[in-house]
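Okay, structure first, notes after.
Here, each number is a calculation from the coordinates, and none is a lab measurement. A quick note: this is a predicted structure, and the numbers were derived from the prediction, not measured. No Cβ is skipped: glycine too gets one built from the backbone with ideal geometry, and neighbour counts run over all protein chains shown.
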Amino acid sequence: MSDIRLQDLLIQRFGQSPDVPAELQDNAFLTAFAARGSCRSFGAEPPADHLLHTIAAVALAAPSKSDLQQRNILIVKDPGKTEKMRTLLAAQEWIAAAPAFVVFLADNRRQRQIQDWHSEPFPNDHLDAFFNASLDAGIALHAFITAANAAGLGCCPISTIRNHMNDVRDLFDLPDQVFAVAALAVGYPATEPAVSARLSLDATVHTDRFRATTRADINEYDERRKAGTDAPLWSLAKARMYARAQRSDFGAFIRRIGFRTD
């Protein structure tokens, strides 16, 4: 991707592009970021421990809601735990060859401990506590992926870890108010990840007021994403995906580990 300009890459991704400022057309970071893709094909060599710890440290420099820092990054090193992760996530076949896993944890427990240590009340025991910790973990996940890509690694987030919340809780000794938001497969890419098409910027970037997505927006994206492939329409595939119940017990689990959802 080193010889492609940012505007051309955005057109490839979204089917359109803003008028990219000239000084940004060849910006290496922005171009690499716009070209990133999820990696599901890895070489056998796992990333070194010190590399993963360095990337985790960089990721935790990312913003945090009110500087509460309600996130943790758990690097899975033990071979037995790694194999257990592969077993839990076996519904996605490519995961069996993933060389390393990292788990991103939302942690509201630490703030509750701080309240106790300073003999302060905790009046914010409601849905916002769950939301803030989840968002903090999500920001760390995104930052880790960005840092890992810059270090030459490939990544793919794995949300299906939330299908196994009790098993994950037991596997990693997670206390109340701490839970997995996502896992991440990490390794050296065996092939360069593809640049997948995204919904148009007209449908997803708004100025001054929200514009609801139209059927025409979806039709345009379906055709652009399908072009030259025998893949099913994106919208049909996603409609069928969400026609099946998923994680209907998630709310009960979250309440069981000490969160209120009112």
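Brief remarks on what is shown
- Centroid-to-centroid separation of the stretch 157-197 and the stretch 43-118 [C-alpha atoms, Å]: 8 Å
- Projecting label points 7 angstrom from Cα along Cα→Cβ for residue 27 and residue 195 puts them 1.6 nm apart.
- A viscosity of 0.890 mPa s and a temperature of 25 °C, combined with the Kirkwood radius over C-alpha pairs in the Stokes-Einstein formula, give the chain a diffusion coefficient of 119 µm²/s.
- Rounded to the nearest 500, the 222 nm mean residue ellipticity of the chain from helices alone is -12000 deg cm²/dmol, with -39,500 (n - 2.57) taken per DSSP H run of at least 4 residues.
- Using θ = phi - 60° in the Karplus curve 6.51 cos²θ - 1.76 cosθ + 1.60, the 3J(HN,Hα) couplings for the stretch 195-201 round to 8, 7, 5, 10, 3, 4, 5 Hz; x is entered for Gly and Pro.
- Candidate aspartates and glutamates for bridging to residue 65, where Cα separation is under 13 Å - those fewer than 8 sequence places away on the same chain excluded: 107, 128, 136
- Computed over the stretch 208-254, the alpha-carbon pair-distance distribution with 5 angstrom bins reads 5, 17, 16, 17, 13, 13, 12, 7, 1, each value a whole percent.
- Candidates 147, 231, 182, ranked by Gaussian network fluctuation over the chain, Cα under 10 Å, top entry: 231
- Listed values for the stretch 180-185 are Karplus-derived 3J(HN,Hα) couplings in whole Hz (6.51 cos²θ - 1.76 cosθ + 1.60, θ = phi - 60°), namely 7, 8, 6, 9, 9, 7, and x replaces Gly and Pro.
- Net dipole in debye of the stretch 44-111 [+1 Lys, Arg Cβ; -1 Asp, Glu Cβ; about Cα centre; nearest 20]: 300 debye
- Taking the chain and dividing mean pair separation by its residue count, relative contact order in percent (alpha carbons under 8 Å, at least six apart): 25 percent
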